[in-house]
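The values are calculated or read from the model by the stated rules, or taken from the named source; none is laboratory data. Bear in mind the structure is a predicted one, so any value in this text is a computation, not a measurement. Counting neighbours? That spans all protein chains shown, and the Cβs are built from the backbone with ideal geometry, glycine included. Note: areas computed on protein heavy atoms with side chains; ligands, DNA, RNA excluded. Shrake-Rupley method; radii C 1.70, N 1.55, O 1.52, S 1.80 Å.
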Amino acid sequence: MRAEHLKYFVALAENHSITKTSLEFYTSHQSVSKVIRQLEEEMGTALFVRSQKGMTLTPEGEVLLPVARETMRAFQQVRLDISHINRQKALEGELLLYGAPIANAIAMPTLLDSFSFLYPKVRYQIREANTLDCMKYAALHHGGLALVVVMHDEQLREIYTPYINQIHLTPFTKDEYICMVSAQSPLAKRKTLSVHELLEHPIAMLQTEISETHPFTKLLQRLGNMVPALLTQSRQLYGQLIASGRYVGLGSRRMSDFSLLFNDNDIVYIPFEEDLSVDIMLATNIHPSHDPVAKAFTDLVKEQASVP
């Protein structure tokens, strides 16, 4: 049994979709199906069945899932332990990182936890800015490092010009923009929603998600010239207004999952028909000049990226 088999198995068990799993790991639908078939052959039983909810676990799959998760955690710890042995724990210095809000919430904690384990003497400066400003910093500084959030659909990437053409991007993980509606809303029964349908409803957004120079502002203008009906910095108010049914929300799926803004019984998450998935990536200068600390961090991002 290979670690890749368990990685795909756990992801498919969690998101119930071969398509989403293939996007998460930057691979093809066929590759994910092949890995799952190989695992099922090795286990001598079916692990998934198709249902109205997508791909769901069989009873045998339910038995395997907690074991697979624990095994994946063990694999990760072994990799860190080996790296810990082979690398210089004496590495000292300061790591300056810029990050977009979504990237800081989703990717930064995992990376810093691993990095601080390997290099406990390194100090950190973490600064937050929108993706365009993060890209600008990396483009203008040969030693610059920034975690950015970039639309996966290349046809939408012109919103990041000119800086996206002046940096190198290393994929780390994925997310997507989703619509959030009250469980009592007629929209709650929808499996997907188009952006143009979204524009028919008053939209609420957290102010940290949008500003005049934020690339998502440009994206909304491109998709429908939309201006949010409500902007607020209060996460509590934001959650209450969406749960009330007066507004629909627009934001990151994983950031919403992590933020505990909503009671699961109050809010329904609806994916868009358009490809509004995003890649969380490390941005560096095209001609980098990294000190040992920055180079070690860049290497860690490549090692831990959810890319086969």
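Within the shell defined by Cβ-Cβ distances under 15 Å, the residues around Gly245 carry a net charge of +1, with Lys and Arg each +1 and Asp and Glu each -1. Span-like helix check, the chain: no full DSSP H segment qualifies, none having both a Cα axial length of 30 Å or more and a mean Kyte-Doolittle of 1.0 or more. Annotation: aspartates and glutamates with alpha-carbon distance below 13 angstrom to Lys174 (same-chain offsets under eight excluded): Glu24, Asp153, Asp275, Asp279.
Accessible area per residue of the chain at 1.4 Å probe, in Å²?
Values: 15480 Å² over 308 residues.
Accessible surface, normalised per residue, equals 50 Å².
Report, for the chain, the % of DSSP beta bridges that are antiparallel, rounded to 5. Among the beta bridges of the chain, antiparallel pairing accounts for roughly 65 percent. Of the cross-linked pairs Lys53/Lys302; Lys121/Lys302; Lys20/Lys189; Lys121/Lys295, those separated by over 27 Å at the C-alpha level are Lys53/Lys302. The heavy atoms of His290 offer some 60 square angstrom of accessible surface to a 1.4 angstrom probe. If a/c stays under 1.5 just call it rounded; otherwise compare a/b with b/c (prolate if a/b is bigger, oblate if not). Do that for region 69-183, with a ≥ b ≥ c from the square roots of the Cα gyration tensor eigenvalues. Here region 69-183 falls in the oblate category.
3J(HN,Hα) couplings calculated from phi for region 164-179 with the Karplus curve 6.51 cos²θ - 1.76 cosθ + 1.60 (θ = phi - 60°) are, in sequence order, 5, 8, 10, 9, 10, 10, 10, x, 10, 8, 10, 8, 8, 7, 9, 9 Hz; Gly and Pro show x.
Take the alpha-carbon centre of region 107-146, take the same for region 17-74, and report the distance between them in whole Å. Result: 33 Å between the Cα centres.
Go ahead and estimate [θ] at 222 nm for the chain from helices alone: -39,500 (n - 2.57) per DSSP H run with n ≥ 4, summed, over the residue count, rounded to 500. Don't skip to the answer; put the middle values down first.
Working: 12 runs with 134 residues, N = 308.
Helix contribution divided over all residues of the chain: -13000 deg cm²/dmol.
Size descriptors for the chain (Cα atoms only): Rg and Dmax, in that order, 20.6, 58 Å.
What shape does region 1-111 take by its C-alpha gyration tensor, where a ≥ b ≥ c are the square roots of the eigenvalues and a/c under 1.5 counts as rounded, a/b above b/c as prolate, and the rest as oblate? Before the final figure, lay out each step's value.
Details: a/c = 2.72, a/b = 1.72, b/c = 1.58.
Prolate, because a/c is 1.5 or more and a/b exceeds b/c.
Placing +1 on each Lys and Arg Cβ and -1 on each Asp and Glu Cβ, with no other charges, gives the chain a dipole about its Cα centre of roughly 200 debye.
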